[in-house]
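Here's the structure, in structure tokens; my notes come after.
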Amino acid sequence: FKGRKIGVTAPGSSTSLTAQYAMIKAGLKATDAALIGVGGGAGAIAAMKKGEIDAISHLDPVIAKLEADGDIKVIIDTRTEAGTRALFGGPNPAAVVYTKQDWIEHHAAATQKVVNAFAKSLKWIVAATPEEIADTVPPAYHFGDKPLYVQAVKNSLESYSRTGIPTQEGMASVLDLVRTLDPDLQGAKIDLATTFEDRFVKRAMG
């Protein structure tokens with residue numbers, strides 16, 4: 001990756017952090033490659049196909065489309081537990097709902113409603129077929145190839161939480177990630193137990 005241009009959804013995003021972490025783990029510095037924001041959809045595909053970037057750190061269905069077209073070869077795959085562990089050393093919860101603790105305390109009912117929506121979605125994803133999941137997504141996200149999108153859903157199903165609650169191992173993995181990339185956090189004492197609320201999701205998941 002050294003000296004290359006790596007496409008990410010946006011600088012500072014999870015795809016950007018993943019690319020930087022991978023570089024550090026390989027003995028490089030996080031600044032050894034240029035991170036180029038290419039957005040989350042068709043623009044990312046176009047950037048790769050036009051040669052505007054040399055590599056890409058992204059999500060499905062963008063990765064599935066580029067892989068199917070032969071434009072990329074996947075070398076790090078965090079859609080699977082095995083691939084995630086290979087890079088991070090454990091599970092790495094990446095999509096969460098976060099806000100300030102005082103907002104939660106003053107808006108408990110609203111917080112519960114937001115969590116309920118996510119919990120309902122997680123329960124539905126587990127029970128639904130990939131085809132049913134694809135049917136709920138706006139057609140623009142299919143990139144003109146719905147069967148490929150269905151395959152992309154299959155590729156990523158393993159990565160979705162079944163409980164809505166990150167494990168201690170996963171939380172420690174994320175802390176290692178941010179400590180590695182943020183010098184201000186390297187010496188900080190952080191009590192992981194105080195960084196998340198599970199009472200709302202426990203109610204929602206039943």
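The values are calculated or read from the model by the stated rules, or taken from the named source; none is laboratory data. Values in this document were obtained by computation on a predicted structure and should not be read as measured data. Every residue, glycine among them, receives a Cβ derived from its backbone with ideal geometry; neighbour counts consider all protein chains shown. We work out accessible area using only protein heavy atoms, side chains counted, and drop any ligands, DNA or RNA first. Shrake-Rupley method; radii C 1.70, N 1.55, O 1.52, S 1.80 Å.
Quick notes on this one:
- Any hit, the stretch 140-160, residues being among the small types (Gly, Ala, Ser), part of a helix (DSSP H, G or I), without any contact (Cβ under 8 Å) to a residue 60 or more places away in the chain and exposed (fewer than 12 other Cβ atoms within 10 Å of the Cβ): no
- Candidates Lys25, Lys29: the one that is within 18 Å of Val74 (Cα to Cα) and either of a type in the set (Val, Ile, Thr) or surrounded by fewer than 18 Cβ atoms within 10 Å (Cβ to Cβ) (or both) is Lys25.
- Only one of the numbered conditions (1) in a loop (DSSP other than H, G, I, E, B); (2) open to solvent by 60 Å² or more (accessible area, probe 1.4 Å); (3) not aromatic (Phe, Trp, Tyr) is not met by Asp176, and that is (1).
- Number of the exception - Ile190 against (1) over 16 Å from the mean Cα position of the chain (by Cα); (2) free of Cβ contacts under 8 Å to residues at least 60 places away in the same chain; (3) part of a loop (DSSP other than H, G, I, E, B); (4) surrounded by 15 or more Cβ atoms within 10 Å (Cβ to Cβ): (4)
- When the test is whether a residue is farther than 21 Å from Ala204 by Cβ and open to solvent by less than 40 Å² (accessible area, probe 1.4 Å), Phe88 passes it.
- Of all residues in the stretch 111-118, one or more are of a type in the set (S, T, N, Q), open to solvent by 30 Å² or more (accessible area, probe 1.4 Å), more than 14 Å from the chain's Cα centre (by Cα) and closer than 30 Å to Lys146 by Cα.
- Some residue of the stretch 126-138 being exposed (fewer than 15 other Cβ atoms within 10 Å of the Cβ), part of a helix (DSSP H, G or I) and modelled with pLDDT under 90: no
- Options Lys49, Lys65; residue that is of a type in the set (D, E, K, R), at pLDDT 95 or above and farther than 27 Å from Asp198 by Cα: Lys49
- Residue pairs meeting the criteria (Cβ under 7 Å; at least 6 apart or on separate chains; first touching a residue at least 40 places away in the same chain (Cβ under 8 Å) and farther than 29 Å from Trp103 by Cα, in the stretch 114-130; second open to solvent by 60 Å² or more (accessible area, probe 1.4 Å) and outside any helix (DSSP H, G or I)): none
- In the stretch 59-85, residue nearest to the chain's Cα centre (by Cα) [restricted to those that are of a type in the set (Lys, Arg) and surrounded by fewer than 18 Cβ atoms within 10 Å (Cβ to Cβ)]: Arg85
- Those residues of the stretch 43-58 which are loosely packed, with under 15 Cβ neighbours inside 10 Å and among the hydrophobic types (A, V, I, L, M, F, W, C), in sequence order: Ala46
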